[in-house]
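The values are calculated or read from the model by the stated rules, or taken from the named source; none is laboratory data. Bear in mind that the values here come from a model prediction, so they are computed numbers and not experimental data. Every residue, glycine as well, gets a Cβ built from its backbone with ideal geometry; the counts of neighbours run over all protein chains shown.
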Amino acid sequence: MSLSDPSLLVPDYSLRAHNTFGFDARARWFCRIESSDQFSAVLRDARVAGLPHLLLGGGSNVVFTRDFDGVAMLVALAGKRLVREDDQARYVEAAAGENWHAFVAWTLANGLPGLENLALIPGTVGAAPIQNIGAYGLEMAERFALLRAVELATGATVELDAAQCRFGYRDSFFKREGRDRFAITSVTFRLPKAWTPRAEYADIARALEAGAADASPQAIFDAVVAVRRAKLPDPAVLGNAGSFFKNPVVDAATFETLRAREPQVVSYPQADGRVKLAAGWLIDRCGWKGRAMGAAAVHERQALVLVNRGGATGAQVLALAQAIQDDVRERFGIRLEPEPVVV
Ligand code: EPU
């Protein structure tokens, strides 16, 4: 396919298969990007000049509330390889369009442990740094070496290290100053050779049949997969975008006031003295677990996950989210921040 191939851009395209909520939003233009040169080729095309653009990976962190009047670019860059190793670590690079879980499974199959706690997270490798995916005691940032990206305005290729990506809890440069400016093309991970299991998370410790201390990378992978399958809905069966809210972090005084009223509140002390609360617990405590507003519902086994029971629109899911936010604020004085990107 040549770069000027007009068939690269498809008009009026349904994004239903490209968002895990299964919303039937349409894009004015759609294209599938298979090489990094194609980003600039598409953005130079006169038909889409001046229109907004939207990058899509697995569509597992996006809520469409209406049709998208712009060009949706599905990042389908493929490839993964061991780049190099030194005394301390191995460096593995994967293209942005690689499926995250398949990539994690591939690292283990090739004797490259270190990402197993992040098994079964939906989405692509290129989306992982944007929200700094994390689960079961590990955040992607801890295994990150660098990423490559195309700056959309100029077509220039850039390389960003961890400091430049400014990773935080479910946060990065790409959700702030860098928002909509870059297309991530590949991510390189640093996997330390001195591997030790991360099995402190209670659900994982329980799921490990052998003792947690001598669990293998594969045993951790299997435990994470089992725990996620038991608690989190499979987007292929029940549309969802994982946790719909971030776990809120509050100051110590707010926490003490809350704990005086709610001694059972689930909390995680942070290094800076603040306290992270389990949003799922707060929502559950307000009685929302399993409740529905039309076809938009709160998952029965994890109140942090909103689901599309079939035929819900993005607007309906947002209305449910708003009702939950209002309730949690009224009852606990705590503001919940949605996690997915709303288009
Ligand atoms: N809880 C309830 N009721 C609920 C849900 C949770 O009481 O309906 C309680 C649990 O019993 C537990 C605590 O809240 O004591 C925390 O629950 P859980 O271990 O399920 O984790 P979480 O804090 O709700 C976070 C991540 C998940 C990640 C898990 C495991 C966020 C926003 N979510 O959820 O990430 O898989 O920890 O590490 O940080 C995602 O980002 O999409 C995601 C699924």
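Name the one entry in Ala199, Ala205, Ala226, Ala183 that is small (Gly, Ala, Ser) and more than 14 Å from the ligand (Cβ to nearest atom). Residue meeting the stated conditions: Ala183. A count restricted to region 294-306 and to residues that are surrounded by fewer than 17 Cβ atoms within 10 Å (Cβ to Cβ) and farther than 13 Å from Gly239 by Cβ stands at 3.
Can you list the strands (runs of 3 or more DSSP E) lying wholly within region 265-320 that have 3 or more residues being farther than 21 Å from Ala230 by Cβ and within 8 Å of the ligand (Cβ to nearest atom)?
none
Of all residue pairs spaced 6 or more apart or on separate chains, those with beta-carbon atoms under 8 Å, a first member in region 307-333 that is crowded, with 20+ Cβ neighbours inside 10 Å and a second member that is assigned to a helix (DSSP H, G or I) and β-branched (Val, Ile, Thr) are Asn308/Val317; Ile324/Ile283; Val328/Ile283. Go through region 324-343 and give me each residue that's in contact with a strand residue (DSSP E or B) (Cβ under 7 Å, 6 or more places away or on another chain), among the hydrophobic types (A, V, I, L, M, F, W, C) and under 27 Å from Ala230 (Cα atoms). If the condition is that a residue be in contact with a strand residue (DSSP E or B) (Cβ under 7 Å, 6 or more places away or on another chain), among the hydrophobic types (A, V, I, L, M, F, W, C) and under 27 Å from Ala230 (Cα atoms), then Leu336, Val341 are the ones that fit. Screening Thr254 with (1) away from the ligand (no atom under 11 Å from the Cβ); (2) touching a helix residue (DSSP H, G or I) at 6+ places or on another chain (Cβ under 8 Å); (3) not in a loop (DSSP other than H, G, I, E, B) gives one miss only, at (2).
Scanning region 68-105 for residues that are aliphatic (A, V, I, L, M) and surrounded by fewer than 20 Cβ atoms within 10 Å (Cβ to Cβ), we see that the one that is farthest from Arg47 (Cα to Cα) is Ala89.
The residue that is nearest to the chain's Cα centre (by Cα), among those in region 11-58 that are modelled with pLDDT under 95 and among the β-branched types (Val, Ile, Thr), is Val42. Filtered by the rule that a residue be surrounded by fewer than 20 Cβ atoms within 10 Å (Cβ to Cβ), within 16 Å of the ligand (Cβ to nearest atom) and closer than 21 Å to Arg181 by Cα, region 115-160 gives a lone residue, Ala141.
For residues that are part of a loop (DSSP other than H, G, I, E, B) and either of a type in the set (A, V, I, L, M, F, W, C) or within 16 Å of Gly242 (Cβ to Cβ) (or both), scanning just region 321-336, find the one that is farthest from the ligand (Cβ to nearest atom).
Narrowing region 321-336 to residues part of a loop (DSSP other than H, G, I, E, B): 333-336.
Narrowing the set further to residues that are either of a type in the set (A, V, I, L, M, F, W, C) or within 16 Å of Gly242 (Cβ to Cβ) (or both) leaves 334, 336.
Numbers: Ile334: 14, Leu336: 10 Å.
It comes out as Ile334.
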